[in-house]
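Below is one structure, written out as structure tokens; comments come after it.
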Amino acid sequence: MRIGIRGRHIELTEALLAHVERRLRFALSRFGQKIRQVAVQLTDLNGPRGGVDKQCRVTATLSPSGRVMVEEIDAALHTAIDRAAERLERSVVRELERRRET
């Protein structure tokens, strides 16, 4: 599973990149080869004005086809990342269960 991380109006420090990768690998490791890649976009929506504006958008590309996307917004970037990872795990489970039923 490849993980790509991009930031808009946010400095991507080594610690932040490590946190994102660790959380996503923990949440998605049980799916193995069913997830080809994960794209993460971290954004500070309001810039320096502050407020509840840190966004984490995660898109998982499934194998052989399909995508699952979740988005979380919070005042703290780490909280948004953690919640997005949890929601992505649940969404991938639901999507894979749907595929098994058909």
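Coordinate-derived values only; no laboratory data. All values derive from a computational prediction rather than experimental measurement. Cβ sites come from the backbone with ideal geometry, for glycine too, and all protein chains shown count toward neighbours.
Would you mind stating whether Leu62 is free of Cβ contacts under 8 Å to residues at least 60 places away in the same chain and among the aliphatic types (A, V, I, L, M)? Yes, satisfied.
From the set of residues in the range 4-26 that are free of Cβ contacts under 8 Å to residues at least 12 places away in the same chain and of a type in the set (A, V, I, L, M, F, W, C), which is nearest to Glu89 (Cα to Cα)? Walk me through it before giving the result.
Initial filter on the range 4-26 (free of Cβ contacts under 8 Å to residues at least 12 places away in the same chain): 11, 13-15, 18, 22.
Then drop every residue that is not of a type in the set (A, V, I, L, M, F, W, C), which leaves 15, 18.
Details: Ala15: 22, Ala18: 18 Å.
Per the criteria, the residue is Ala18.
Restricting attention to the range 1-21, the residues that are in a helix (DSSP H, G or I) and either surrounded by 13 or more Cβ atoms within 10 Å (Cβ to Cβ) or within 11 Å of the chain's Cα centre (by Cα) (or both) total 5.
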